[in-house]
Amino acid sequence: MFQKFPAIIGYLFFVCFLSPLTFQGVYAMEDDTYPALNTNPWGHSPITVYIDTINVPEHYSPTYNEQVEVAMAYWEKGGNGRLAYNPEFSPVDSGSEADIYIIWVENLEKDAGVENGVAGFARPHEVNGKYVRVDIVMEVGNYEGYAWKQYGNTNMRELAKHELGHALGLGHSKDRRDIMYPTYDQKDNIDPLLVERTRPFIYVAVAASIILVSFSGINWLRYRRKRRSLEGNLLEGKDGRP
Ligand SMILES: [Zn+2]
């Protein structure tokens, strides 16, 4: 019993003293891999946001605006858990009074002189340690080889989350699963504009098939009725003859 004491004391020593140090070391290492650009960039709340849905490029989809709203809600609910404060966004109608200004371009490489492979960027204007304005520019698609590829809604949502993360003061993560990891992947290939354009054709196709089915149904009923009456005549004829 008493022989076991040193082991127990050693264990307690580890639990009470060494393990918190070990965990602190792990957390410190994680922090090193995730530098914040600014831990509290906005001195006020709510943060006003202007989404430019008027000056839009050719392949802009109206559904992109909704993706930005989802991305704002994501950060308001805590986002990736890396913010030291709770942001609150408020949409405004005028770009001049906005803290964050969001605009789309057709292609970043072509329209903003950004290197290839970048889908969006956030440019903070900092005065005395506080952001006075952040411009977020996102492209609506990119060239893959020679083929133009429109970004899907999931892509746009992830892109908006990432850029808003920068606007809230976060830098890049080294964790691939983190929204602030700098690699941008194509999450889906559904072209929202293509869906918009083909929707009327889908309606027409569905309506046409309903009409066709109902017509053929009526024809079939008519045919049945005709056949019945023929048989009736035949039977009547047979029965009617003496
Ligand atoms: Zn980034």
DSSP-loop GluC sites (Glu not before Pro) across segment 94-151, with at most 14 other Cβ within 10 angstrom:
E115
Could you work out how much longer the chain between R123 and K77 gets when fully extended? Use 0.36 nm per residue separation minus the Cα distance between them, nm to one decimal.
14.2 nm
Can you give the net charge of the other residues whose Cβ lies under 12 Å from the Cβ of A112, counting K and R as +1 and D and E as -1?
-4
C-alpha center-to-center spacing [segment 53-74, segment 145-171] in angstrom
11 Å
Can you check what the net charge comes to around W75, using other residues whose Cβ is under 15 Å from the Cβ of W75 (Lys, Arg +1; Asp, Glu -1)?
-3
Please name which of M156, V137, S173 has its Cα lying farthest along the dipole of segment 47-189 towards the positive end, using unit charges on Cβ (Lys, Arg +1; Asp, Glu -1) and the Cα centre as origin.
S173
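Only the coordinates and a few stated rules stand behind these numbers; no lab work does. Owing to the predicted nature of the structure, the values given are computational and were not obtained by experimental measurement. All Cβ positions, even for glycine, are placed from backbone atoms using ideal geometry, and neighbour counts span all protein chains on display.
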